[in-house]
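Here's the structure we're looking at; comments come further down.
The values are calculated or read from the model by the stated rules, or taken from the named source; none is laboratory data. Keep in mind that what you see is a predicted model, and the values were worked out from it rather than measured. Cβ placement follows ideal geometry from the backbone for every residue including glycine, while neighbour counts extend to all protein chains displayed. SASA here: full protein model, heavy atoms, side chains in, ligands and nucleic acids out. Shrake-Rupley method; radii C 1.70, N 1.55, O 1.52, S 1.80 Å.
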Amino acid sequence: MSKRIKIFDTSLRDGEQSPGCTMNLKEKIVLAKQLERLNVDIIEAGFAIASPGDFESVKTVAEEIKNCSVASLARALEKDIDKAWEALKHAASPRIHTFIATSDIHMKYKLKMEPDAVLERAVNMVKYAKKYCSDIEFSAEDASRTNLDFLTRVVTEVIKAGATTVNIPDTVGYTTPEEYFSIIKHLKDNVPNIDKADISVHCHNDLGMAVANSLSAVRAGATQVECTINGIGERAGNAALEEVVMALNTRPDFFKAETRIVTTEIMKSSKLLSSITGVSVQPNKAIVGENAFAHESGIHQHGMLAERTTYEIMTPESVGLSKTNMVLGKHSGRHAFKDRLESLGFSLEQEELDSAFEQFKVLLDKKKKIYDKDLEAIVRKESISSPEAISLVNFVINSGSSITSTAVVKLERDGKVKEKVATGDGPIDAAYNAINKIVNLDFTLDDFSLDAVTEGNDSQGEATVKISSDGKSFTGRGLSTDIVESSIKAYLDAINKMIDQEA
Ligand SMILES: [Zn+2]
């Protein structure tokens, strides 16, 4: 019989904690809604006490999401648990996730507490959280390096105190599949009340084994896996959701386990996250990499033509990767546009739809064939862009191999139009210098990248820009068939995010 594995997504908490992956409130809501379509069981929305911004995002996600449980992290402290509950109380299905470290090294150097005191705190805080809510997860931080007898005691006692999920994290990415299997198996065999809670696993990828460790734990009896889209997370990241899910999905004969994930939403979730964070996945990344389903060698192609399953263990369609197809052209109206978006799984608010349709019409003038990927890029851009405090009116660039690049940029802010001229090392640098002269704000440009949305030389360029100010980082995106224009738009989008955040 196949057992049900719960998928606990922590992209918004552990993932967001990783360098370069910070998200603003709007981006977190958009991602949370996509996670709801993906049908994860639990969304960990943040760490409510960490900052007012974290609190606000947990609260808003909790209020907006209806079909998944929403969790907030909390240290095993009353004030953390109070704050978590305050953020979660309007959730359809709230979960408080409290944790304390149980390994000797963490107890001695970080907590400076004796094991018995740690155990007592864990039990008391689970009981404390239980007063607020029935769904309580307890994590024994650094469990994989914890003395097994002590871990067994802690797990037994927190379940007795009311924990409904016990998480056994490999916090530092240290364990191996066989070792982790035996830890989970030991708990299954030695915790007398283990059938009253889900065993959860949370693996980090420091040695590249996060997914393998998670799957091994499932074999040993774990019924919840904590993971992130694209495997983002602290240091080398967390177990990648798409890999865990597709492994279970592709090998039911072996794992005898299933999830409720709508796998056809995987690709869209991955792209959305990359777009939000500006961090793309490597081309050979399992499941969601650009080449994950590409068969290049002649022998493989020959086999595939005769029978797909000769070299294909899962179909691209199963993860939501559709064939590149021309969908819309000059004569497509608003209705066709909306229909196509809906069939791609996007449902936009009227305002977003209007704005996306405007962009689509602009694109039609510049590009003969419009593909699904173009539409997806437009919608992603629309759904996560910030209000435009500053907008682009127009620009002129003069550039070449033997002259200094010069840019004239005209921007509008609060109804006032300003224009500046600047030179630079290439057209984009010149344009950015002109913008800097107009906006006159203090920030640094940290990263810039440009990707083609589709193949072909009339493809849209999707520019991503990261800027930072006061230790905070802002990601902007711009989309155009003209790469200088998309670069300018991305720069302005990042600046607008910074202004929005300061307002
Ligand atoms: Zn973690």
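Brief remarks on what is shown
- Highest-first arrangement of 133-139, 340-346, where packing means the average Cβ count within 10 Å: 133-139, 340-346
- Per residue, the chain reaches -12500 deg cm²/dmol at 222 nm when only DSSP H runs of four or more residues are counted, each adding -39500 (n - 2.57).
- Per residue, the accessible area of the stretch 116-223 comes to 38 Å² when a 1.4 Å probe rolls over the protein heavy atoms.
- Radius of gyration (Cα atoms) of the stretch 146-299, expressed as a multiple of 2.2 N^0.38 Å: 1.13.
- Number of Lys pairs (Cα under 14 Å; 8 or more positions apart or on different chains) in the stretch 326-384: 8
- Using a probe of 1.4 Å, the accessible surface attributed to I168 totals some 0 Å² when neighbouring protein chains are kept in position.
- Bridgeable aspartates and glutamates around K196 (alpha carbons under 15 Å apart, same-chain partners fewer than 8 residues away excluded): D135, E137, E157.
- Cα gyration tensor shape of the stretch 290-408, rounded if a/c is under 1.5, else prolate or oblate by comparing a/b with b/c: oblate
- DSSP beta bridge pairing in the chain, given as percent antiparallel to the nearest 5: 50
- Compactness of the stretch 390-502 was expressed as the Cα radius of gyration divided by 2.2 N^0.38 Å, which yields 1.04.
- Tensor-based shape of the stretch 261-335 (alpha-carbon gyration tensor, a/c under 1.5 rounded, otherwise prolate or oblate): oblate
- For D198, the amide hydrogen comes within under 5 Å of the amide hydrogens of T165, V166, counting only partners 5 or more places away or on other chains and with H modelled in the peptide plane.
- Mean-position separation - Cα centroids, the stretch 269-325 and the stretch 166-204, in angstrom: 32
- Sequence-separation-based contact order of the chain, relative, with Cα cut under 8 Å and 6+ spacing, percent: 10
- Solvent-accessible area, 1.4 Å probe, carbon plus sulfur percent, for the chain: 51
- Neighbour-limited loop hits for GluC sites (Glu not before Pro), the stretch 401-502 (at most 11 other Cβ within 10 Å; DSSP other than H, G, I, E, B): E455
- Checked against a 29 Å cut-off, the cross-linked pairs K160/K268; K437/K472; K66/K268 give Cα-Cα distances beyond that limit for K160/K268.
- The average projected area of the chain, computed from the convex hull of its Cα atoms over all directions, is 26.6 nm².
- For the stretch 390-502, the relative contact order works out to 17 percent when only alpha carbon pairs closer than 8 Å and six or more residues apart are counted.
- Pairwise centroid distance, computed over Cα atoms, of the stretch 420-444 with the stretch 1-50, Å: 36
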